[in-house]
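Working notes for the structure below.
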Amino acid sequence: MASTATKMNVRDIVSSQIFETIEALIEQGNQTKWHRPWAVDSKIGAPYNLGTNRPYSRSNFLILQMQLMLKSYEHNAWLTFKQVQQFGGHVRKGEKGTPIVYFKKTKDEKDDPDTGEAVTETKSLLRYYVVFNFAQVDGLNIAPTEQEKPTVKFATVEELEQMVRNTGANIERITQDRAYYNPTMDKIVLPLLEQFQGSDGYYATLFHELSHWTGHASRLNRGLNFSLRKKPSQYAYEELIAELASVFLSQDLGYQTAELFQNSAVYLLHYYELLKENRTAFLSASWAAGKAADYLFRFR
Ligand SMILES: [Zn+2]
């Protein structure tokens, strides 16, 4: 069910779905909901396609994870409409699918204005398709299995430490209760390891700050500077990017726990005001966060 809508429409369609989900999650208001298992050690792993067993990542990971939280699904297994039919099932009446995104590469033949020669341009167009959770479908001849457990090989603490060293980032660890990245000095300041409740919390914080570090002019150049503090929405946007990048990395590297995700979710909802002003912020922040996470992941 790929859409033929224009790029702008896709962005709007998917963004308003994300927005509605976040609003609904806030409305649910029940903090215990945030304890919904999302951790590597839980039975419910990351979202994956039931037909192909392939995990969803980045933006789609977030979109589906939020749906799972909202609807309290027992399986993080998803199918396209076509797959539902393919596996002999049907979507239960009244069930709505969740739009997720992908980039479709298209080639354009154009004449070079200077030389008059034909050149091929590759473009990435944003598209979306709809998926359904296993719980929204009846009559399937396949079911989720042990596959739900993540198949990624997670990093050990030594590997995480090596990765952090490989970045070459200037990290100062001092006894205080604040973690931050100073873009002018290009320096991360962290509390001491023993001040954290656990190593997972420590790495979540460290990778959040390292994600800010990727935005420096010499790296991904996200235009970080102190004036951001005077522009709350831009500052909030950068915070959203850093937190999402930290969530992505936690998924890639496996230092996430259910409690940590609860923290991240609360943190992300903190930027609800920003989302209200700009409905597409979440989606575009998740792309920027994906770039930041990929940048850091290369140091592994
Ligand atoms: Zn931050």
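FYI, it's all coordinate maths here, none of it is from the lab. Note that this is a predicted model, so its numbers are computed, not measured. All Cβ positions, even for glycine, are placed from backbone atoms using ideal geometry, and neighbour counts span all protein chains on display.
Observations
- Long pairs among K110/K291; K104/K276; K96/K123; K187/K291, criterion Cα-Cα beyond 22 Å: K110/K291; K104/K276; K96/K123
- Between D186 and A143, the contour length at 0.36 nm per residue exceeds the alpha carbon distance by 10.5 nm.
- Length added when fully stretched, N170-E277, from 0.36 nm per residue minus Cα-Cα: 35.0 nm
- Ordering of 68-81, 199-212, 14-27 by packing [mean C-beta count within 10 Å, highest first]: 199-212, 68-81, 14-27
- Backbone phi angles across region 205-217, fed through the Karplus curve with coefficients 6.51, -1.76 and 1.60 (θ = phi - 60°), yield HN-Hα couplings of 5, 4, 6, 5, 5, 5, 5, 4, 4, 5, x, 4, 3 Hz in residue order; Gly and Pro are listed as x.
- Per-residue ³J(HN,Hα) for region 242-249, Karplus 6.51 cos²θ - 1.76 cosθ + 1.60, θ = phi - 60°, Hz, x for Gly and Pro: 5, 6, 5, 4, 5, 5, 4, 5
- Ranked by the mean number of other Cβ atoms within 10 Å of their residues, highest first, the peptides 218-225, 101-108 fall in the order 218-225, 101-108.
- Computed from the C-beta positions of R92 and L125 and an R0 of 22 Å, the FRET efficiency is 0.10 to the nearest 0.05.
- Gain on full extension, evaluated as 0.36 nm per residue between D12 and Q85 minus their Cα-Cα distance, stands at 23.5 nm.
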